[in-house]
Amino acid sequence: MEYFRYSFYQFILFCSFFMLNIIFNHYVSDPFTSVDTIAILIGIPVVFLILLLQSKLYKRFDSIKMWKKIMISIPILIISISFVGYMGYMVFGFR
């Protein structure tokens, strides 16, 4: 059950980072303007909030060895990339 919970948390973490990247990628573009600055200023606290939440949630997984965490995280990373890509294609119309 501990591995399943760790996998679920990893999935949520990876999906949130990918979705955040997709959303803010539209606002940060080549000619750097004030919109880009505002998007970055909004994105930085969101990333810090996610990392703060992650550090509090992951303290209970100290009993899992590091190599097992890595072996669990690799397939979850691939699954989350596929999930965010599918959701972006179906729901948001990203191509």
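The values are calculated or read from the model by the stated rules, or taken from the named source; none is laboratory data. In this text the structure is predicted, and so the values were computed from the model without any measurement. Surface accessibility is based on the protein's heavy atoms, side chains included, excluding ligands, DNA and RNA. Shrake-Rupley method; radii C 1.70, N 1.55, O 1.52, S 1.80 Å.
Table for the structure above
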item: Over the range 33-76, equivalent-ellipsoid semi-axes from the Cα gyration tensor in Å; result: 32, 13, 5
item: Residue order for Val47, Val84, Val35 - accessible surface, 1.4 angstrom probe, largest first; result: Val35, Val47, Val84
item: In order through the range 46-63: 3J(HN,Hα) via Karplus (6.51 cos²θ - 1.76 cosθ + 1.60), integer Hz, x for Gly, Pro; result: 5, 5, 5, 5, 5, 5, 5, 5, 5, 5, 6, 6, 8, 5, 6, 9, 5, 6
item: Over the chain, relative contact order from alpha-carbon pairs under 8 Å, at least 6 apart, %; result: 46
item: The chain - mean residue ellipticity at 222 nm from DSSP helices (-39,500 (n - 2.57) per run, n ≥ 4, rounded to 500); result: -26000 deg cm²/dmol
item: Additional length obtainable on full extension of the chain from Ile74 to Phe61, 0.36 nm per residue less Cα span; result: 3.0 nm
item: Where only alpha carbons of the range 9-65 are counted, the Rg and the Dmax (Å); result: 14.5, 47
item: Linear extension gain, Phe24 paired with Phe8, 0.36 nm per residue minus alpha-carbon span; result: 3.3 nm
item: Rounded accessible area per residue of the range 33-95, 1.4 Å, Å²; result: 75
item: Choice from Leu52, Leu20, Leu77 showing the highest fluctuation, given a GNM over the chain with Cα pairs closer than 10 Å; result: Leu52
item: Base-10 log of normalised Debye intensity for the chain (one unit scatterer per alpha-carbon) at q = 0.14, 0.19 Å⁻¹; result: -0.64, -0.98
